[in-house]
1. In segment 352-390, which residues are assigned to a loop (DSSP other than H, G, I, E, B) and free of Cβ contacts under 8 Å to residues at least 24 places away in the same chain?
2. In segment 158-193, which residue that is without any contact (Cβ under 8 Å) to a residue 60 or more places away in the chain and in a loop (DSSP other than H, G, I, E, B) is surrounded by the fewest Cβ atoms within 10 Å (Cβ to Cβ)?
3. Do we have residue 161 as within 16 Å of the ligand (Cβ to nearest atom) and either in contact with a strand residue (DSSP E or B) (Cβ under 7 Å, 6 or more places away or on another chain) or over 30 Å from residue 467 (Cα atoms) (or both) here?
4. Given (1) modelled with pLDDT under 95; (2) in contact with a helix residue (DSSP H, G or I) (Cβ under 8 Å, 6 or more places away or on another chain), where does residue 302 come up short, assuming only one miss?
5. Taking only segment 498-515 into account, find how many residues are in contact with a strand residue (DSSP E or B) (Cβ under 8 Å, 6 or more places away or on another chain) and farther than 16 Å from residue 400 by Cα.
6. Could you tell me whether residue 94 is free of Cβ contacts under 8 Å to residues at least 60 places away in the same chain, more than 26 Å from residue 241 (Cβ to Cβ) and surrounded by fewer than 21 Cβ atoms within 10 Å (Cβ to Cβ)?
7. Just one of the numbered conditions (1) under 25 Å from the mean Cα position of the chain (by Cα); (2) surrounded by fewer than 19 Cβ atoms within 10 Å (Cβ to Cβ); (3) touching a residue at least 12 places away in the same chain (Cβ under 8 Å); (4) closer than 21 Å to residue 218 by Cα is not true of residue 62; which one?
Ligand code: FES
């Protein structure tokens, strides 16, 4: 694989109808960039850079990028950095999920369009990693994921703080009148004290752990803190390994096998990870030609207890998991439940890799043993019923046990905007028994924002109400908590069950029976369905393309033609 055999710089030639001329032009223009034949004979490793001033989670990416480049050079490769778009959860409107597929498409196309023999994908914030994995599965060249790593914890009044479980908790306390403006301002400066991704087991941390479990990242790559020496060494090692992957021609589909996804879902349950990971894993699997359904998550959740003590399901933070031995130590504990034959980024099987890993040490309490889990209960459940014929999910570890069997009248919000406008209006007369329904917030309706964990109406929060049943076709942040039914499919904008609810209808949530139902007659629902008019699609651009082709949540919400 070098510049003389069609690999390296001569891959994917620009089309002029004369390949020799194309090669000649490449040499000419690259000589302007200071490259000579010795450089151009090396394997090329592309480095997808998602740093951006709009992405504070990727603030430490420039030195990480340089570390990867150093590793590539040391191993005899030639690094080429290329930019792709960057998605930051808090700075993208209306939601990054609307653009995950755009980033996946852009990354795949840029990999295909350029001469590279392997690619290192630098990501971190929630949607960047799944988008890059989707791209890698489709692009068909060796790929390795490297994340910026989690932030370190902040501190306020002697208490450790972390984004964004504590953001939500303290905001709820503010709404309930328990935290004044001055205190809120102090907290604001401590929630995100360093570069890196949210340091609880939110979507970014979850996806980092799952990527390592999938074998698409080197061991210990998920948890090393952003900006740390360990993080930079991960970068160097990944650069070196990417050159080897290029020479060995080990493509992502050799890692992304059914066994790898089983292992990743097992880890998802043991960390009680973000519900968003369900959508992302299904999307990545689909790209890799692996069939994965909500039933696989339900099946695996029955045999995996919660082992990792990390917010929001536990009390710790990612730096605790890092100190406890990271994902390799967790995998060691989970080994009896894993498929040890899965191939990993190191080129070894998971079993070979784990033979060199020690069990978590006794001084730590973040990773619990299988016989003394943090919770024997299941992390999540898949629900079906006339409100979600194709499925919905509920994060059991974040829900209130007393609400898992609940019947109450519906209060319907037509969109996230409608909810934020009206939810605090006392005229709605909402009681803790009501079921808050949010619709038109699915993949087609609104790009599927993390709006599913609707706030408790202020006047109820002030009375001490902390949780209510909420049902939507939206997503929820991995850092959030509550009895929240998410991802209802088909969504309301596609005429799913949520579209048929009216204020005051009785809704029944029955988690033991895995049901979520609207308690009106079949005939009444059929009549309402006949009157259903879908909302208009956006007029132009990416949003139009997205709405015309996006799949429902149970299918991973990728575009149907990808
Ligand atoms: Fe980037 Fe949380 S906002 S990981």
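The values are calculated or read from the model by the stated rules, or taken from the named source; none is laboratory data. Small disclaimer: the values here were computed from a predicted structure and weren't measured. Quick reminder, even Gly has a Cβ in these numbers, built from the backbone with ideal geometry, and neighbours come from all protein chains shown.
1. Filtering segment 352-390 for residues assigned to a loop (DSSP other than H, G, I, E, B) gives 355-366, 368-374, 376-379, 386-387.
Across segment 352-390, the qualifying residues are 355, 356, 362, 363, 371, 372.
2. Of segment 158-193, the ones without any contact (Cβ under 8 Å) to a residue 60 or more places away in the chain are 158-159, 161, 169-171, 173-174, 178-191, 193.
Now narrow it down to the ones that are in a loop (DSSP other than H, G, I, E, B): 158, 178-180, 189-191, 193.
Values: 158: 5, 178: 12, 179: 17, 180: 9, 189: 10, 190: 19, 191: 20, 193: 16.
My answer is 158.
3. On the way: within 16 Å of the ligand (Cβ to nearest atom): yes; either in contact with a strand residue (DSSP E or B) (Cβ under 7 Å, 6 or more places away or on another chain) or over 30 Å from residue 467 (Cα atoms) (or both): yes.
Here the answer is yes, as residue 161 does meet what is asked.
4. (2)
5. First pass over segment 498-515, keeping only residues in contact with a strand residue (DSSP E or B) (Cβ under 8 Å, 6 or more places away or on another chain): 498, 500-512, 514-515.
With the extra rule that they be farther than 16 Å from residue 400 by Cα, the set shrinks to 498, 500-507, 515.
So the count comes out to 10.
6. Working: free of Cβ contacts under 8 Å to residues at least 60 places away in the same chain: no; more than 26 Å from residue 241 (Cβ to Cβ): yes; surrounded by fewer than 21 Cβ atoms within 10 Å (Cβ to Cβ): yes.
The answer is no for residue 94.
7. Unmet condition: (3).
Here's the yes/no breakdown for (1) within 12 Å of the ligand (Cβ to nearest atom); (2) within 25 Å of the chain's Cα centre (by Cα); (3) modelled with pLDDT under 95:
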| residue | (1), (2), (3) |
| --- | --- |
| 166 | no, yes, yes |
| 174 | no, no, yes |
| 193 | no, yes, yes |
| 196 | yes, yes, no |
| 205 | yes, yes, no |
| 221 | no, yes, no |
| 228 | no, yes, no |
| 237 | no, yes, no |
